[in-house]
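The values are calculated or read from the model by the stated rules, or taken from the named source; none is laboratory data. Bear in mind that the values here come from a model prediction, so they are computed numbers and not experimental data. Because the Cβ atoms are built from the backbone with ideal geometry, glycine has one as well, and the counts that use them run over all protein chains shown. The accessibility values were calculated without ligands, DNA or RNA, using every heavy atom of the protein model including side chains. Shrake-Rupley method; radii C 1.70, N 1.55, O 1.52, S 1.80 Å.
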There are 2 protein chains.
Amino acid sequence: MDKVYNFSAGPGMLPDEVKKDAQRDFLSYNNTGMSVMEMSHRSKPYEEIHFEVISLFRYLMNIGDEYHVLLIQGGATQQFDAVPLNLFVKGKADYIVTGNFASKAAKEALKYGDVKIVASSKDKNFTYIPDVDKIEFSKDADYTHITTNNTIFGVRFRKLPSPPSPLVADVSSNILGEVMDINKFGLIYAGAQKNIGPSGLTVVIVRKDLINNPMSICPTMLKYSEASEADSLHNTPSTYSIYMAMLTLRWLKKLGGVAEMQKFNDYKAGLLYDFIDNSSFYKNPVEVPYRSIMNVPFVSPNAELDALFCKEATASGLISLKGHRLVGGMRASIYNAMPLEGVKKLIEFMKKFESENK
Amino acid sequence: MDKVYNFSAGPGMLPDEVKKDAQRDFLSYNNTGMSVMEMSHRSKPYEEIHFEVISLFRYLMNIGDEYHVLLIQGGATQQFDAVPLNLFVKGKADYIVTGNFASKAAKEALKYGDVKIVASSKDKNFTYIPDVDKIEFSKDADYTHITTNNTIFGVRFRKLPSPPSPLVADVSSNILGEVMDINKFGLIYAGAQKNIGPSGLTVVIVRKDLINNPMSICPTMLKYSEASEADSLHNTPSTYSIYMAMLTLRWLKKLGGVAEMQKFNDYKAGLLYDFIDNSSFYKNPVEVPYRSIMNVPFVSPNAELDALFCKEATASGLISLKGHRLVGGMRASIYNAMPLEGVKKLIEFMKKFESENK
């Protein structure tokens, strides 16, 4: 297959330029005679990569010295446990449940302390975000947890809540795709495989004052204090994933950074939502103000047509469009690396499919 | 630099053939139009890779159906916690401490239960392995933990202990480099970055009957039962590391498997030890029967010469030879992918250095 547009929710597309650079340097990086994946994590050439990634995060997200940027393993799911294991002091947390992963995160925390679901959008199958100004937060919680963008249902927070406890967020599916004010958060975490690079890397950005009291039962590899003291080199990190993240972050910086990328993402998502809203064939169930610009779920008139859509789209080089089993239908994940051309091809295909199956 | 021989303790060298195949297919794997690292972990082409890796482990290590082969993240260090969190039922374990990582593993387990150090070689700075037939094991331990090969001190078990409880082993630095009888173990684990592929992947091979009673405080991502139920696809795995492992395991299979590789490794290590033993300039401190065939530490007459050795070796394309800070001197890690040529070049260099600095 010549040119494929991959709408996978993650791992997803990487920029062409990033892939070509990585391929060119695969056997010998910077004249070292070695592939990056063969380098000791204690070697100078690897350490340069490692610290450049941390610097690029600081630059692109405007992260001050009061925060650590940690490069760890295990995926965002591992953070569902790491967050309470590191942040529970009183052993209480508030969770806002706006989707499947938010719900899982709350469930994990329950193993280690008291969890209060202060708001949920489950009543309407996660198609909106609860009004953050009407939430009654606990006064004595250690933190308040949200998921900024829901990958499965395609909803996102437009306005952040302002709880009395530090705001903790799973930002896996919109980090670097939208401007975030890190100062509004105590901690954010993200699996890399959507907007950062390949899987195997998880980024945790955490306020330094929050990590000094991990629970005694916290596994050492899950302790933020261990990671920060060793600059995330406390054991062998996922070095090649970190290298690919460096190339991707450099690419983003060259394109103008996150604010420019958000404009581009708003435009891409706008094209797709406009087309869906103007169609009587396709539907997106999410309330307009809360629609994700990263993940766009939609359905055709019935499940049979949905299946046919995915089959024919795949044959046309538009792949991984099948929706999550909890939602059905289709889902187009259009992260930073999805070119405009990919969204336009998708819309063209949707038009054609509609005219053939109306 | 043209041709480099990398003696790093890990991440270490990868076979040339493996790297070239990966480079060739970097932009489009198997005519999919995608890099492996862009593929959804739920996609068919990725799943084929994933399950081939599990099959190759079963084939190469002769692993029966009574064991799970799990592909997870976090490194061997994460297993220091995962092992007790999954295997503690009575909350007691025996540990044999034969090096730095064995000692760390014991320390982690102490957080979750009773740990008895039943034997240690710390008295002679880990330069030997205690006589396994003279160890008094606990009768009621949940497991007995060993480190089969010590990466830092260059010692290894020649004979395995036979404790009454299941034997658990960190095999990170000699898995696939030596034949192991999996049936003698309840569980083995290994970080990939020595003999399996790049970092980011940890392999756990565990007897199915041992994983059904994780401690209630065990983080979900550390639960073997969760990983096994989802065929290690419970969250997004480190997909590219797993792909590189597939290429490396295929290469090992083609070369004749682990028994053939061990012959080659015995030969490579034998050349180096023979040279050191016949020299009055270099010394290896390890008692002969316990010498590792993977990691060969050695010293010159003094620390100044050691530093000069590493500097000049690096300039000659023999890199990462500096010993671990706990041992000093030099260390040559000669894993499966280190060609005979590399060991010969190292010996030539050692001769030359000796003649110039005697």
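Could you please let me know if A:Pro285 is part of a helix (DSSP H, G or I) and away from chain B (no Cβ under 11 Å)? The answer is no for A:Pro285. Being open to solvent by less than 20 Å² (accessible area, probe 1.4 Å), assigned to a helix (DSSP H, G or I) and in contact with a Gly (Cβ under 8 Å, 6 or more places away or on another chain) is a condition met by at least one residue of the stretch B:265-279. If you go through the stretch B:302-318 one residue at a time, do you hit one that is aliphatic (A, V, I, L, M), open to solvent by 10 Å² or more (accessible area, probe 1.4 Å) and within 24 Å of the chain's Cα centre (by Cα)? No, the conditions are met nowhere in the stretch B:302-318. So which pairs qualify, if the first residue must be in the stretch A:313-325 and within 9 Å of chain B (Cβ to nearest Cβ) and at pLDDT 95 or above, the second must be assigned to a loop (DSSP other than H, G, I, E, B) and crowded, with 17+ Cβ neighbours inside 10 Å, the Cβ gap must be under 7 Å, and the two must be at least 6 apart or on different chains? Qualifying pairs under 7 Å: A:Gly317/A:Val4; A:Gly317/B:Gly33; A:Ile319/A:Val4; A:Ile319/A:Phe7; A:Ser320/A:Phe7; A:Ser320/A:Ser8; A:Ser320/B:Ser40; A:Ser320/B:Ser43.
Test A:His50 against the criterion of being modelled with pLDDT of 95 or more, in a loop (DSSP other than H, G, I, E, B) and under 16 Å from A:Ala245 (Cα atoms), and give yes or no. No: the conditions fail for A:His50. Counting residues in the stretch A:15-24 that are more than 10 Å from chain B (Cβ to nearest Cβ), more than 24 Å from the chain's Cα centre (by Cα) and open to solvent by 10 Å² or more (accessible area, probe 1.4 Å) gives zero.
Among the residues of the stretch B:46-87, those that are open to solvent by less than 10 Å² (accessible area, probe 1.4 Å) and of a type in the set (Phe, Trp, Tyr) comprise B:Tyr46, B:Phe57, B:Tyr67, B:Phe80. Considering (1) open to solvent by 10 Å² or more (accessible area, probe 1.4 Å); (2) of a type outside the set (S, T, N, Q); (3) away from chain B (no Cβ under 14 Å); (4) not in a loop (DSSP other than H, G, I, E, B), the lone condition that A:Asp94 does not fulfil carries the number (1).
Considering each of B:Val89, B:Val69 in turn, give the residue that is away from chain A (no Cβ under 13 Å) and in contact with a strand residue (DSSP E or B) (Cβ under 7 Å, 6 or more places away or on another chain). Steps first, answer last, please.
On the way: B:Val89 fails: in contact with a strand residue (DSSP E or B) (Cβ under 7 Å, 6 or more places away or on another chain).
Just a single option satisfies the conditions, and that option is B:Val69.
Listed here are the residues, each with its yes/no results for (1) hydroxyl-bearing (Ser, Thr, Tyr); (2) in contact with a Cys (Cβ under 9 Å, 6 or more places away or on another chain); (3) surrounded by 15 or more Cβ atoms within 10 Å (Cβ to Cβ).
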site	(1), (2), (3)
A:Met330	no, yes, yes
A:Ala337	no, no, yes
A:Lys345	no, no, yes
A:Glu348	no, no, no
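Every residue in the stretch A:223-251 that is part of a helix (DSSP H, G or I), within 11 Å of A:Leu70 (Cβ to Cβ) and either open to solvent by less than 10 Å² (accessible area, probe 1.4 Å) or not acidic (Asp, Glu) (or both), please.
Residues satisfying the conditions are A:Tyr224, A:Ser225, A:Ala227, A:Ser228.
If you take the residues in the stretch A:211-222 that are at the interface with chain B (Cβ under 10 Å from one of its Cβ atoms) and assigned to a loop (DSSP other than H, G, I, E, B), which one is most open to solvent (accessible area, probe 1.4 Å)? Across the stretch A:211-222, the extreme among qualifying residues is A:Ser216.
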